[in-house]
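The values are calculated or read from the model by the stated rules, or taken from the named source; none is laboratory data. Small disclaimer: the values here were computed from a predicted structure and weren't measured. Glycine also receives a Cβ, built like all others from the backbone with ideal geometry; neighbour counts cover every protein chain displayed. Heavy atoms of the whole protein, side chains included, go into the accessibility calculation; ligands, DNA and RNA do not. Shrake-Rupley method; radii C 1.70, N 1.55, O 1.52, S 1.80 Å.
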Amino acid sequence: MPLPPVVRERGRLVAGGAAVGSVAAPILVVGLVVVVGVGPLAAAETAFAFGGLWFGLALLGWAGSVASGRAIEAAQERLDVGSGWTERRSRRAMARIGGFGAGVMLVAPIIGTAVG
């Protein structure tokens, strides 16, 4: 059974963010080890926490977009403010950011297991 186009589009959106996050995790770990001088296991734990921060902020932002998006759009229209913010674009941005955080959170424990 093929997936509906909407599910595929949203899956690509989150998967793209996760791919970027999975590439960023080793870079972050190496940067913490080389530049800051933290141990490799501690660097992997810090990278996991960093990913969790972005994942959590994205969930909060997505929920805020869903809960108050129409009210914000209505206020912009009423006040004649052309900021270009829309609920849909905000949800898409939060999905990308959440995917990034999830990607970091998925790769950081693998790095920690490999170096620990």
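Residue by residue, here is whether (1) closer than 30 Å to V6 by Cα; (2) hydrophobic (A, V, I, L, M, F, W, C) holds:
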residue: G17; (1), (2): yes, no
residue: A24; (1), (2): yes, yes
residue: I27; (1), (2): no, yes
residue: V36; (1), (2): no, yes
residue: L53; (1), (2): yes, yes
residue: L57; (1), (2): yes, yes
residue: V66; (1), (2): yes, yes
residue: R70; (1), (2): yes, no
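Cβ-Cβ distance below 9 Å, separation of 6 or more or different chains: which pairs start in segment 91-107 with a residue that is under 23 Å from S68 (Cβ atoms) and without any contact (Cβ under 8 Å) to a residue 60 or more places away in the chain and end on one that is open to solvent by less than 20 Å² (accessible area, probe 1.4 Å) and in a helix (DSSP H, G or I)?
From segment 91-107, the pairs are R91/S65; R91/G69; A93/A58; A93/S65; M94/A58; M94/S65.
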